[in-house]
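S.K.: Quick one: structure below, then a few questions.
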Amino acid sequence: MRLLLVSHSLSGGGAERFAATLAAHLDREKFAPAIAVATDRATYRVPDDVRVTRLGYRGLVTLPRTIARLRRTIAAERPDVVLSNVLSTNCLTGAALTGLGGGSPGGPGPAWVARIGNAPEHGDPPLHALWARRLYPRAARVITNSRGLARAFVRYYPGVPERLVESVANPTDFDRLDELAAAPPPAVSEGRGPGERSRPVRVVWVGRLEPQKRPDLAIEVMMRVRRDLAGAHDVRLSLCGKGPLRSRLERRIAEAALGEAVELTGFLNNPFPMMRAADLFLSTSDFEGLPNALIEAQGLGLPAVATRCPYGPDEVVDDGETGLLAAPGDADALAAAVAALAADRERRERFGRAAAERARERFGLASVVPRWEAILEQAAGCRVSGGSGEEEGA
């Protein structure tokens, strides 16, 4: 089966990593994947047998040209299925397929599978959503990356039949994660003093520095934690990422005199050594789809404190077993959770062991990739019957 994945890029975000990971691990006896990227950015590696086509998107003025290039790419690749992975590429793909007669099974063009990775009622800009409402009903399948997001999608886009909407998690390559995490972590100050106080409790936050992710809330949490644990435990926070809020965060850190307690690392191509060396992961988002960084942190054995935001964290973190959840925006509750775990090393370690086991079982390649393979086969109009290896017409 020929598959074309359409991604904004192969760099930076969770959706882009999803495209690279899925393309790398699909069964080559069943699938021949290729990738089309709207922009030229590419830091995630893909296998040599995956052809990557760059569509040259440079902003809104180039959108008609980008749609035309994707249409030509689809015609040249002749895929059985086209899989797009976020709202912007869903709109791009739906528009390109419209000119080719593609979308649903049985049509003259390829089947289209649209992946949804963010809360539509919070994250979908109105103009994109208006466009998507016209296009999504043409998709053969719509796949969300969390169960809560599937329910939200059906409410927000009622033109798509509920039977065509399914939730499948992002596949996570934990073997590769372990390789990356084995590199030496960035040098950090270890503090002073005897015993437990000789090493700070290190909290790590990973994401884009933008309003959805609420890095400002992470700083407010740290102010409260440092106040509540003063003289007992030294807790320090590393914010890993880049984005438009950086200068505002720098000012807030200075105003709160947190210069020694909070660092902005900038974007790290490999944040995993820092994550593995940390004691606790903090996630403060107001909304999500299924946060990859949270899955990766849990898989690396990090207990987590996260917001119970729509959608996904409560499908990753088992509250009271692998981490602690709090209401979105509640700095006091988040700070209490961080302080409780910072002060209890045995509990952190117990949560971390359970987190690593459960995350790898739920989100690892062996669990998730076969589900994606089955969905792509079904979308193309065939179904693998239970265990026989025979294919039946849909």
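The values are calculated or read from the model by the stated rules, or taken from the named source; none is laboratory data. Being a predicted model, the structure only gives us computed values, none of them experimental. Positions of Cβ are backbone-derived with ideal geometry, glycine not excepted, and every protein chain shown enters the neighbour counts.
S.K.: Looking at (1) without any contact (Cβ under 8 Å) to a residue 40 or more places away in the chain; (2) crowded, with 16+ Cβ neighbours inside 10 Å; (3) of a type in the set (D, E, K, R), can you tell me which one Arg358 breaks?
M.R.: For Arg358, the exception is condition (1).
S.K.: Give just the number: which of (1) modelled with pLDDT under 95; (2) under 25 Å from Ile295 (Cα atoms); (3) not charged (D, E, K, R) does Thr172 not satisfy?
M.R.: Status for Thr172: all satisfied but (1).
S.K.: Please pick out the residue among Arg54, Arg45, Arg28, Arg65 that is surrounded by 14 or more Cβ atoms within 10 Å (Cβ to Cβ) and of a type in the set (Lys, Arg).
M.R.: Going through Arg54, Arg45, Arg28, Arg65 in turn, just one is surrounded by 14 or more Cβ atoms within 10 Å (Cβ to Cβ) and of a type in the set (Lys, Arg): Arg54.
S.K.: What do you reckon, is Leu325 within 27 Å of Val86 (Cα to Cα), at pLDDT 95 or above and assigned to a strand (DSSP E or B)?
M.R.: yes
S.K.: While we're looking at this one, here's another question. Does the stretch 148-160 contain at least one residue that is among the basic types (Lys, Arg), farther than 30 Å from Asn270 by Cβ and at pLDDT 95 or above?
M.R.: Checking the stretch 148-160: at least one residue is among the basic types (Lys, Arg), farther than 30 Å from Asn270 by Cβ and at pLDDT 95 or above.
S.K.: Looking only at the stretch 319-337, how many residues end up being within 23 Å of the chain's Cα centre (by Cα) and either of a type in the set (Phe, Trp, Tyr) or crowded, with 17+ Cβ neighbours inside 10 Å (or both)?
M.R.: Total satisfying the criteria: 7.
Let's see how each residue does on (1) buried (at least 17 other Cβ atoms within 10 Å of the Cβ); (2) closer than 21 Å to Pro184 by Cβ; (3) touching a Lys or Arg at 6+ places or on another chain (Cβ under 9 Å):
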{"site": "Glu210", "(1), (2), (3)": "no, no, no"}
{"site": "Val221", "(1), (2), (3)": "yes, no, no"}
{"site": "His233", "(1), (2), (3)": "yes, no, yes"}
{"site": "Ser238", "(1), (2), (3)": "yes, yes, yes"}
{"site": "Ala257", "(1), (2), (3)": "no, no, no"}
{"site": "Leu280", "(1), (2), (3)": "yes, yes, yes"}
{"site": "Thr284", "(1), (2), (3)": "yes, no, yes"}
{"site": "Thr307", "(1), (2), (3)": "yes, no, yes"}
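S.K.: Taking helices (runs of 4 or more DSSP H) that do not extend beyond the stretch 68-165, which have at least 2 residues that are polar (S, T, N, Q)?
M.R.: Where helices (runs of 4 or more DSSP H) fall fully within the stretch 68-165 and carry at least 2 residues being polar (S, T, N, Q), they are 87-98.
S.K.: Residues that are among the small types (Gly, Ala, Ser), farther than 20 Å from Gly12 by Cα and in contact with a Gly (Cβ under 9 Å, 6 or more places away or on another chain): list the helices (runs of 4 or more DSSP H) wholly contained in the stretch 272-317 that include at least 2 such residues.
M.R.: Helices (runs of 4 or more DSSP H) meeting the threshold: none at all.
S.K.: Restrict the check to the stretch 322-339 and report whether at least one residue is of a type in the set (Val, Ile, Thr) and either in contact (Cβ under 8 Å) with a residue 60 or more places away in the chain or not assigned by TED's automatic domain parsing to the domain that holds Glu288 (or both).
M.R.: Within the stretch 322-339, one or more residues are of a type in the set (Val, Ile, Thr) and either in contact (Cβ under 8 Å) with a residue 60 or more places away in the chain or not assigned by TED's automatic domain parsing to the domain that holds Glu288 (or both).
S.K.: Then there is this: Consider the stretch 166-190. How many of its residues are in a helix (DSSP H, G or I) and of a type in the set (A, V, I, L, M, F, W, C)?
M.R.: Residues flagged as in a helix (DSSP H, G or I) and of a type in the set (A, V, I, L, M, F, W, C) within the stretch 166-190 amount to 4.
S.K.: Okay, next question. All but one of (1) out of contact with any Ser or Thr (no Cβ under 7 Å at 6 or more places or on another chain); (2) not acidic (Asp, Glu); (3) not in a loop (DSSP other than H, G, I, E, B) hold for Pro47, so report the exception by its number.
M.R.: Against the list (1) out of contact with any Ser or Thr (no Cβ under 7 Å at 6 or more places or on another chain); (2) not acidic (Asp, Glu); (3) not in a loop (DSSP other than H, G, I, E, B), Pro47 comes up short only on (3).
S.K.: Leu10: modelled with pLDDT under 95, surrounded by 20 or more Cβ atoms within 10 Å (Cβ to Cβ) and not aromatic (Phe, Trp, Tyr), yes or no?
M.R.: yes
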